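Notes follow the structure.
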Amino acid sequence: MDSTQSKQSVSDDLMILNMGPQHPSTHGVIRFIITGDGEVMQRAVPHVGYLHRGIEKLAEGMPYPSFVPFTDRVDYLAAMFANHGYALAVERLLGLEVPRRAEYLRVIVSELNRIASHLIGVGAMAMDIGAFTPFLHGIREREKLNDIIEELCGARLTYNYVRVGGVAFDIPAGLDRKILSFLDTFEPLMEEFNRLITVNEILVKRCANVAIIDAETAKSYGLVGPNLRGSGVDWDLRRDLPYSAYPEFDFKVCVGRGVRGTLGDAYDRFVVRVEEMMESVKILRQALAGIPEGDIMAKVPRKLKPPKGEAYAAVESARGELGYHVISDGKDKPYRVKIRAGSFTATSIIEHASKGLMIADLVVLIASLDVIAPEIDR
Amino acid sequence: MGSVASYVENIKNAAVTIFEGMAVTLSWMFRRPITIQYPDRTPEPVKSMLPGRFRGILEVHIPACTACSACARACPIDVILVETKKHPSGKGRLLTRFDIDISKCMYCGLCTEACPTGCLHHTPVFEASARDIRNLVLHFVDKPVVPYKHKKGTPVPEMPPSGSIVEQLLKPWDAEYVQWTPGEIEVPTEGEAGGAGGKGSSAPREKEGKG
Amino acid sequence: MTFEETVARLQEKFGDAVEGADERDAGRPGLLLGVYVRPEAVVDVCRYLHDTPELAFEQLSCITGTDFQDHIQLAYVMMSYAHREVMAVKVKLDRDEPSVHTVEGIWATANWHEREVYDLLGVYFEGHSDLRRLLMPDDWVGHPLRKDYKEEPDYHGIPTTRDKALGKY
Amino acid sequence: MGDFFEYLKSEWSFASAHPELAFAILVIGYGILMIGFFAAFAGPVTWIERRVAGRMQCRIGPNRVGPQGFLQWLADGMKNFLKEDLIPNDADRILFRLAVYPVFAGVFLTFVVLPFGPWIVGADLDVGIVYLLAVTALVVTGIIMSGWASNSKWALLGGIRSAAQMVSYEVAAGMALLTAIIPGGSLSLQGIIEHQGGWPWQWLVFFSPATFVAFFVYFVASLAEGNRTPFDLPEAESELVSGYNTEYSGMRFLFFAFAEWGNLYVIGAVITAVFLGGWRIPGVDLATQTNNLWLQLLGAAIFIAKASILVSVTIWLRWTLPRLRVDQLMMMCWKYFVPIGIGLVVFSLVWQLVAAAVPTWVTGAVSVLLTLAGAALVAGMFWRAWYNIRSGKDTPVYKWLI
């Protein structure tokens, strides 16, 4: 064996590491095939589909209103958005006007849900970096939110609350005061959370300048929501393609600024989520103050038969644009429902963004994109 | 010089933020934990802590059921089975079977919204474990009954406390599975007793054939 | 730029390759409007929509593949950050041998979207860098989102259906 | 131990008649006592850690097995005893089984030199500190063995990380110890303790600014050596599943955990001995304490108490901080701790010369000032904790056992 050959065989000797589908930090069941030289990866190729339940196919076999509970299962951490997006798409197909009170309630539950989802997002990211406590502090606050939402709609996770034409239940007496008092304690507790983890030098060092996704790449890969804003693209469907009652509220769109490193690094995505929670608090206060009286449900026939047509409705979910492309053929069942989920594109960028990272950084990258497996696979 | 400054800055930042973080965790040593010690160490039973809209296991109050099957149609995943047959007297119908497969139910509540009388509703009961999954098919109709007919202006039959029916139907977790057979038909209404008994006895077999 | 203007520009630029466009429905202002394009022109049209500054459809939201029984329709739903617009480019493909050129070169995200369409509808994307099944296992038979898809009774000995408990137990 | 044996010989006729036999009994007895102590410490510490972690995370922690869940560690131990000792198919079976022992022995052997009192010590080696550093290196061997023998890539990565980490941080730890040894004037742990006094300002940590900093450097470095968060990279759960012990189960896994928690005590004990005055009782001079058995036991209690406080600090740190990345860990060692350590050693040497030249009240004043600084640190921590409670609109609850 000559020397060049042996040299080559040594340098080509990369380790293939299989991460997942069962792994502590793959957030559900995703699998990554890591090609790496020791700790430094050359790339990590995501393999998805472990949670593919064929929700899109299921939709074709049931009446329009019956599909709402299935959308809960698209994104179990932020099911309100999934309900909302679908309801919006069908309403557009029908040309339906939703009562204002229902729109306000939709905003309220969406923002509550956004806080709950972001708490898990940032908490899980901290946990993947090794700090377990912030995760449970996040869970603590989310538990209070779950209680509020449970009181509103009877379920903690799979809400089935936002329906075609409105919402399922009106806000029970006293709950608005409960939400306000929650918000009052939530703000200082978030500041405490920031002292605990957000500014922590170890977390900053782990996230800053890690897994940088620049704005061009982010757009090209179709990143949405906090991930896109973390890369410095000022785009929020709530403001830019307004739906529901959002135009009536005053809020800031949080965009990454490269706070402690480069624009578009994992820390920016973390910070955008933390800041967005505070913006949600602002929206919630306005919505609760200005909620109009009236119906919570438009007049919807029992059997929905939208005329032929296609509608695409996207809501700004906790994981970004959650779009429903519903095609109607004039019958009472949707002809085709396509769900465009934020996690899907976020996962697709991992192969590109993971080049040259270390294994520990891959965990940070996955967590910072806040992907959630059922949304990828649907 | 800049690098020296950043070197010192790094150490300072690390020390200060770790100190602050430790103060937060320390403070929680003196604060009330949020845990609810389900099931035995709660101030009151968890069932009574649940909000009124809680969507627990479904329950049907048969005396108020019109056997309209609206719930079964509304259910996206077919967990409800309502079977009726002709009344032996030839007039009206008999509700012979009302089954809910709570192992498959996803607690979406669409059926309860479809129910015209409110006899089908969610309860605060949420504890139902079974060694044999077949025990989780609840049979709400023991014996064929005449469905309720709502007359305008009359109140719907009074419901028992939410959850009481379901709690009777739930078997202990380790109960053996016993094949369920619908009960014998009762003499439905006065006056037609003679003819109904004979025909009714053949009813269970008919239904088994269907299943 | 309104949708109609966009269509007019596309027709001017690509001529016959643009087959038509959806009509606005006054009663339903929220509908998705799409422009129908010949399959061979998809890449050019998309590149034009993406690159022209007045249009700047920089985000490909999704590729919706639909089996219309006589043809397969792909709808490229896209968004413009700069102009806050949503529109779709639609192609009708032959159902027996659906094939279209990939738009991966324009939006990197098309890679996965096209893989999903390939997986669930069996559309072949020419020039795709990594056309494998995405959601279904590699050895799965058939394309589930086709309307005439019949599920195999089992997959490697695992039954794909469960017997119904209702009425039986 | 030697002094105690002399004392025994004078008091007890059996010992003077059969000195070899009596010495053997004494040594074996002490060994059994230490193993017992080790077990009795490592076990409950797991319970304490879980309860503390629970409270820090706004939950309660295990409180069902026994009073307040105290017997949880026994239940866990029992469970692990009853579990099957799995060995992966393609593992190196011999190495896989062997790997536990160096880890356990490496931690346990340190108990030979850990002093609990003037007489209560296994062996007062003249090179006690060198022995400590040498013996803890055994742990690395065991961890690498387990990582390699498991034939799993996750375990292997964990093992390699651990090797790099522990070897590097030994340098930093050695430097920090050296800083304290210079004023301590001895390599024997007993010698260092005897040099210090019972009051805080007589402790080595407050002796000079150098030792004050060295205390923190050594604390962090020994955390890194003991694979504790924020340096638990070898078993980083979110990255390496469970690192080097991924493939272990049952008793063998338990021994890794056992060694880890035992090691916590060792960290605390070494710091107590070197920096925090060891078993010295405030206000009691060395001779009185040596000649009174009860005072010796009180000293041992003080020693264990100090070590336990340090153990709780490590637990506290673990449930606060995220984990470093492997290259940052190395950078921290070689760019921060080692240079600082070298600087401290030099500073400490200079301080010795200065201290010899200036009047004693100057050095005494420095010690008092440093003590005040340490007290201010602790007070500041409690003040910040209080602030957190108030700003979170909470009222403090002093009920710890829920």
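Nothing in this text is a laboratory measurement; each read-out follows from the coordinates by a stated rule. The shown structure was predicted, so the numbers you read here are calculated from the model rather than taken from an experiment. We place every Cβ from the backbone using ideal geometry, glycine too, and count neighbours over all the protein chains shown.
Observations on the model:
- Annotation: extensible slack from D:Ala376 through D:Leu74 equals 104.8 nm (criterion: 0.36 nm per residue apart, minus Cα-Cα distance).
- Between region A:298-341 and region A:147-162, the Cα center-to-center distance that results, in Å: 22
- The Cα atoms of region C:78-169 define a convex hull whose projected area, averaged across directions, is 9.6 nm².
- Tail weight of P(r) past 43 Å, computed on alpha-carbon pairs of the protein assembly as shown, percent: 51
- Calculated on the Cα set of region D:325-393, radius of gyration then Dmax: 18.7, 55 Å.
- Computed on the Cα atoms alone, the convex hull of region C:1-70 gives a volume of 118 cubic angstrom per residue.
- Descending semi-axes in whole angstrom, ellipsoid equivalent of region A:152-273, from the Cα gyration tensor: 32, 21, 13
- Euclidean distance of C-alpha centroids, region D:32-64 and region D:182-198, integer Å: 31
- Counting, for every residue in D:350-356, the Cβ atoms of other protein chains within 10 Å of its Cβ and taking the mean gives 0.
- Mean partner shielding of peptide D:50-61, defined as the number of other chain Cβ atoms within 10 Å of each residue Cβ, is 6.
- Estimated FRET transfer efficiency when R0 is 22 angstrom, pair C:Arg133-C:Tyr155 (beta carbons, to 0.05): 0.95
- Averaging the Cα positions of each part gives two centres, and for region B:1-48 and region A:91-120 these lie 33 Å apart.
- P(r) tail fraction, region D:19-88 - alpha-carbon pairs more than 16 Å apart, %: 63
- Isotropically averaged projected area of region A:54-349, using the convex hull of Cα atoms (one quarter of hull area), nm²: 14.3
- Helix B:2-27 vs. chain B, principal-axis angle (Cα, 0 to 90°, nearest 10): 50
- Label-point gap, in nm, between D:Lys335 and C:Asp44 - each point 7 angstrom along Cα→Cβ: 5.4
- Averaged over peptide D:388-400, the number of partner chain Cβ atoms lying within 10 Å of each residue's Cβ comes to 6.
- Two tests apply to each whole DSSP H helix in chain D, Cα reach of 18 Å or more along its axis and mean Kyte-Doolittle hydropathy of at least 0.0, and the ones passing both are D:19-56, D:128-149, D:153-184, D:209-225, D:250-274, D:293-318, D:338-357, D:360-391.
- Under 5 Å from the amide H of A:Met41 lie the amide H atoms of A:Gly356, A:Leu357, A:Met358, A:Ile359, each residue being 5 or more positions distant or on a separate chain, with H modelled from the backbone and absent for Pro and chain starts.
- Principal axis dimensions, chain B - Cα atoms, whole angstrom, descending: 106, 44, 36
- Paramagnetic reach from D:Trp386 in region D:44-65 [backbone N under 11 Å; point 7 Å along Cα→Cβ]: none
- Considered as an equivalent ellipsoid built on the Cα gyration tensor, region D:358-402 has semi-axes of 37, 12, 5 Å, the largest given first.
- Cα-based helix-to-principal-axis angle, A:79-94 vs chain A, degrees rounded to 10: 60
- Lysine pairs in region A:54-349 with Cα atoms under 13 Å, if 8 or more residues apart or on separate chains: 10
- Helical runs assigned H by DSSP (4 residues or longer) give chain D a calculated mean residue ellipticity at 222 nm of -23000 deg cm²/dmol, each run adding -39500 (n - 2.57) before division by the residue total.
- Among the trypsin sites (Lys or Arg not before Pro) within region C:64-136, those in coil by DSSP and having at most 15 neighbouring Cβ atoms inside 10 Å are C:Arg84, C:Arg132.
- Computed from the Cβ-Cβ distance with R0 of 30 Å, the FRET efficiency linking B:Asp132 to D:Trp400 stands at 0.10.
- Straight-line cross-link reach from D:Lys393 at under 16 Å between alpha-carbon atoms covers these aspartates and glutamates, not counting any fewer than eight positions away in the same chain: A:Glu141, A:Asp184, A:Glu187, A:Glu191, A:Glu192.
- Taking the square roots of 5 times each eigenvalue of the Cα gyration tensor of region D:77-350, largest first, gives ellipsoid semi-axes of 34, 22, 15 Å.
- Percent RCO, i.e. relative contact order, over chain A, from Cα pairs under 8 Å lying at least 6 residues apart: 27
- Region C:1-123: projected area of the alpha-carbon convex hull, averaged over directions, in nm²: 7.4
- Theoretical FRET efficiency, 1/(1+(r/R0)^6), r = Cβ-Cβ of D:Leu33 and B:Ile34, R0 35 Å, to 0.05: 0.25
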